[in-house]
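Worksheet: one structure, shown below.
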Amino acid sequence: HALNIRFEIAEKEHLSNGPLPTFELANLYNEIGSIHFSLGDYEDAEQMINNSINIISDVEEEHPLLSKWFYHLGIVYRRLNKNDKVLDCYLTSLNHMLKHYNENSIEVAEAYKRIADTYTALGEKELAHEAYLKFSDISQI
């Protein structure tokens, strides 16, 4: 019900004020995806977060929020047991992060930890070890 209300409000704003700015629309989809996730509706969460990523990527390929949204999408894929997609999202998130954060930041270290954990789940021990080493090196700084 809450999702329908959000879309009705957005539609009314769209009709009275013109199209929503791209970022607001992308952010709305992301917020709705978060609501779906919290309700355990992971397929709809996947769709909404993908919508937000696609909208903002069409306008600004390197938007700072993309790292966060790809990370969230990775969490959704983990709940859906799609580990190969989890890894893709986490690697993409890290790539965006490295463009906006210091390579020795805690955010980057945590991204390497998530990647290492995912490689471990996929049985990729050597790649997991490399990612854990990067996590450990940054964490000790």
Between the Cα axis of helix 65-79 and the main Cα principal axis of the chain, the angle (0 to 90°, nearest 10) is 80 degrees
In a Gaussian network model of the chain with springs linking alpha carbons closer than 10 Å, the residue among Glu124, Glu107, Glu31 that fluctuates most is Glu124
Rounded to the nearest 10 Å², the accessible area of Leu94 using a 1.4 Å probe with every protein chain kept is 10 Å²
With every protein chain in place, the accessible area of Tyr29 for a 1.4 Å probe, in Å² rounded to the nearest 10, comes to 50 Å²
Measure of exposure for His129: accessible area at 1.4 Å probe, Å² rounded to 10, is 110 Å²
In degrees, nearest 10, the alpha-carbon axis of helix 42-59 is tilted away from the dominant principal axis of the alpha carbons of the chain by 90 degrees
Simple SL model, points at 7 angstrom along Cα→Cβ for Ile9 and Lys82; separation in nm is 2.9 nm
A correct Kirkwood calculation over the Cα atoms of the chain returns a hydrodynamic radius in Å of 16.1 Å
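What percentage of the solvent-accessible surface of the chain, computed with a 1.4 Å probe over protein heavy atoms, is contributed by carbon and sulfur atoms?
50 percent
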Surrounding charge for Glu124, neighbours by C-beta under 13 angstrom, Lys/Arg +1, Asp/Glu -1, total -3
Under a Gaussian network model of the chain whose springs join Cα atoms within less than 10 Å, the largest fluctuation of Asn30, Asn81, Asn54 belongs to Asn81
Nearest 10, in degrees from 0 to 90: the angle of helix 83-100 to the longest Cα principal axis of the chain is 90 degrees
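The values are calculated or read from the model by the stated rules, or taken from the named source; none is laboratory data. Predicted, not measured: the structure shown is a model, and the values here were computed from it. Here the Cβ is made from the backbone with ideal geometry for all residues, glycine too, and neighbour counts use every protein chain on show. Heavy atoms of the whole protein, side chains included, go into the accessibility calculation; ligands, DNA and RNA do not. Shrake-Rupley method; radii C 1.70, N 1.55, O 1.52, S 1.80 Å.
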